[in-house]
Amino acid sequence: MTRSPLFLSGPVLGIETSCDETSAAVVREGCILSNIIFSQADHGRYGGVVPELASRDHIRRILPVVDEALQRAGIGIAGLSGIAVTAGPGLVGSLLIGLCAAKSIAFAHGLPLVGIHHIEGHIFAAFLDERHPSPPFVALIVSGGHTDLISVPQIGLYRILGRTRDDAAGEAFDKVAKLLGLFRPGASAMGGPLISRLAEDGNPHAVRFPRGLIDADHFDFSFSGLKTAVLHHVRALDPDSLSRSAPDVAASFQAAVVDVLVAKTVRAAAFCGVQDVLVAGGVAANRVLRERMAKAAQERGLSLFIPPPVLCTDNAAMIAAAGSFRMGQGERSGLDLNAAPRLSLRDVA
Ligand code: KG4
Ligand code: ZN
């Protein structure tokens, strides 16, 4: 295995607890040795992530998940070169559990520690593959909390080209899943996979939902109008026709989101004059988005990079990779590292 100069030499433990996934991973110089992800199972009962329940579950799970990550990697704590942990943005109570665990282990074992911006983590998911984007590139990060178009002139430097003015794309998937009644007790509150499964049997041209800001001369997004349009459409249906047409509604909603994401991303690549485009974050696990992005990139001669679905949704391998990069640059956080629920990506640039 050749060592990439992008990363610190030696294995890094990553810890991610910003929302409802408890995850720990060991990554050595861009190679994943382990990536344990515990997805909390019962937020579906409440139709969305309940912050208090998420923190409690993180407390129960964090140490077993860290133990399992080390065991699978075949590495003891003494064999680590450092610890990386998500410091923000995210749910404050959830972030605090990961931070507490990371700081305690770092302090007890005298290991270097670095706090990571969650979105930088999503970008670094792409660097866990030998085929990765080369700066300058454009990144679309689409998750439950963010829809950001970012210009990356060099690794570790970020310029926000545009972001959502209201709901994030993943949030729109989650809200539409809720209004279609797709959430179930004992399941997660991740609406994207439920909508995309339902959409498989639907017609994406059945309902013409609005494509907010698609033709605007800037790179911001808006998904709340789309969500409201779906709400009005669903309210106008009686229960029978709703259950018959739910796949069409799901497919038409998904098509509207994908149209906007693809159009703005390829326009941003042209605006920045870049060859490489990265798409990451939970919504990048969406099959239709992946296919449509691939087609658009091919038509324009762009090189597209989308991590495998398991590295698109929240995971600690991406945090370990970002941490390995930051520590390789000589960055360290003190034990006063705190949760920063609204941390800006610029704060780490
Ligand atoms: O990155 P992520 O795991 O957590 C955040 O940082 O928010 O993203 C979660 C979001 C959720 O809104 C979820 O519904 C969405 O990503 N998502 C999807 C799919 N898988 C997850 N959206 C559309 N299609 C999917 N297959
Ligand atoms: Zn995320």
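The values are calculated or read from the model by the stated rules, or taken from the named source; none is laboratory data. Quantities reported herein were computed from a predicted structural model and do not represent experimental measurements. When we count neighbours, we look across all protein chains shown, and the Cβ atoms used for this are built from the backbone with ideal geometry, even at glycine. Please note that ligands, DNA and RNA were not included when accessible areas were found on the heavy atoms of the full protein model with its side chains. Shrake-Rupley method; radii C 1.70, N 1.55, O 1.52, S 1.80 Å.
A few points about this structure:
- Springs between Cα atoms under 10 Å define the GNM used for the chain, and in it the highest mean-square fluctuation of PHE325, PHE137, PHE271 occurs at PHE271.
- Sites GLU331 and HIS109 - FRET efficiency at Förster radius 25 Å, r taken between beta-carbons, to 0.05: 0.85
- From helices alone, the chain scores -13500 deg cm²/dmol at 222 nm; the rule is -39500 (n - 2.57) for each run of n ≥ 4 DSSP H residues, then divide by the residue total.
- Centre separation in Å (Cα based) which lies between region 168-210 and region 241-275: 13
- Cα-based radius of gyration of the chain once divided by 2.2 N^0.38 Å, which approximates compact folds: 0.98
- Between the beta carbons of ARG184 and VAL92, assuming R0 = 25 Å, the FRET efficiency works out to 0.35 to the nearest 0.05.
- Compactness ratio for region 133-306: Cα radius of gyration over 2.2 N^0.38 Å (N = residue count) comes to 1.04.
- Between ARG287 and ASN203, residue separation times 0.36 nm minus the direct Cα-Cα distance comes to 28.7 nm.
- The 1.4 Å probe gives accessible areas that order LYS227, LYS295, largest first, as LYS295, LYS227.
- Accessible area of the chain divided out per residue, in Å², using a probe of 1.4 angstrom: 42
- Rg and Dmax of region 199-293, based on Cα coordinates, read 14.9, 50 Å.
- Distance between the pseudo-spin-label points of GLN71 and ASP42 (7 Å out from Cα toward the beta carbon): 2.4 nm.
- Within region 133-306, percent of DSSP bridges classed antiparallel, to nearest 5: 55
- Local electrostatic count, VAL234, Cβ distance below 14 Å [Lys/Arg +1, Asp/Glu -1]: +2
- If R0 is 30 Å, the Cβ-Cβ spacing of ALA216 and ALA294 corresponds to a FRET efficiency of close to 0.75.
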